[in-house]
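What follows is a short report on a single structure.
The values are calculated or read from the model by the stated rules, or taken from the named source; none is laboratory data. A quick note: this is a predicted structure, and the numbers were derived from the prediction, not measured. Here the Cβ is made from the backbone with ideal geometry for all residues, glycine too, and neighbour counts use every protein chain on show. Only protein heavy atoms, including side chains, enter the accessible area calculation; ligands, DNA and RNA are left aside. Shrake-Rupley method; radii C 1.70, N 1.55, O 1.52, S 1.80 Å.
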Amino acid sequence: MTLYSVSVLLLLLAASQAQPVPGPEENQLPKEDEIVDISEKILASNNNSATFLMEGDLLPPKNRNAIKCAYESCRWPKGSDGQVTIAYTISNDFGYNEVPVITSAMRDIESKTCIRFVPRSYESDYISIENQNGCFSSLGRQGGRQTLSLQRYGCVYKGIAMHELNHALGFQHEQTRSDRDQYVQINWNNIEQSQAHNFYMYDTNNLNTPYDYSSIMHYGKTAFSINGQDTITPLSRTPVQIGQRNDLSSWDVKRINMLYKC
């Protein structure tokens, strides 16, 4: 090997060593398209949570004895400009590449509705987005500071953030709505008895809208399965997918606009 060749090799080696090596902060977020089923991600993240959650990712109401958002008390107020402004804070636990994922979910909701998420300045009612153990939210406005958790390892996906934000707006899961038995079959034998409460139906405010298999609020077909078999079977005459959304469906958007009279 000539002296010239050795010099070239040394230069190339030095250049490769000079390249910045991505730290764990830059590598920790999986790509959005790696999510196959939002609900499976949510339930896996909440599996070891010490917090009691209804329907898998809903905090029990602080000031209501029914898990239903049908009254003005659980809606965020609309201003004279016709916009529904919701203040929020984001914990400093989140890294520089995680905050844009969360705010991107907000921007998508804003682009299709009259909802506006604004950083909190003095508002007494606001959403506190935190890195707690799991992915969960309250149902509708609770009053005061209310937690929306997006655990850094498992929950910081745009689709999951939109799902939890939709809970905070007042929307429950599609498969627990009051008319669900006309549209899906719940396979109780495939559900662990201690988890059966997550499939109870509620007196929901359906806004006179049709059942939506494609809703971002619909859990996947194996949610809470004890044996890997389907727990939710669509009764549609044509094949449909459930639990595969990374964005609001058209009916999700319409319902936000109807509930808040956008």
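The table below lists the values:
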quantity: From VAL240, VAL156, residue being touching a Pro at 6+ places or on another chain (Cβ under 7 Å) and in a loop (DSSP other than H, G, I, E, B); calculated: VAL240
quantity: Yes/no for ILE109 being in contact with a Phe, Trp or Tyr (Cβ under 8 Å, 6 or more places away or on another chain), assigned to a helix (DSSP H, G or I), at pLDDT 95 or above and open to solvent by less than 20 Å² (accessible area, probe 1.4 Å); calculated: yes
quantity: Boolean, ILE232 is in contact with a strand residue (DSSP E or B) (Cβ under 9 Å, 6 or more places away or on another chain), open to solvent by 20 Å² or more (accessible area, probe 1.4 Å), modelled with pLDDT of 90 or more and β-branched (Val, Ile, Thr); calculated: no
quantity: Test: residue in the range 237-251 that is open to solvent by 40 Å² or more (accessible area, probe 1.4 Å), more than 19 Å from LEU58 (Cα to Cα) and small (Gly, Ala, Ser); calculated: yes
quantity: Every pair of residues 6+ apart whose Cβ atoms lie under 6 Å, when the first sits in the range 152-163 and is without any contact (Cβ under 8 Å) to a residue 24 or more places away in the chain while the second is assigned to a loop (DSSP other than H, G, I, E, B) and surrounded by fewer than 23 Cβ atoms within 10 Å (Cβ to Cβ); calculated: none
quantity: Hits in the range 159-201 (condition: assigned to a helix (DSSP H, G or I) and charged (D, E, K, R)); calculated: GLU164, GLU174, ARG180, ASP181
quantity: Lone qualifier among ARG180, ARG237, ARG152 - being at pLDDT below 95, of a type in the set (D, E, K, R) and within 28 Å of GLU110 (Cα to Cα); calculated: ARG152
quantity: Some residue of the range 114-129 being touching a Phe, Trp or Tyr at 6+ places or on another chain (Cβ under 7 Å), over 26 Å from VAL240 (Cα atoms), in a loop (DSSP other than H, G, I, E, B) and open to solvent by less than 30 Å² (accessible area, probe 1.4 Å); calculated: yes
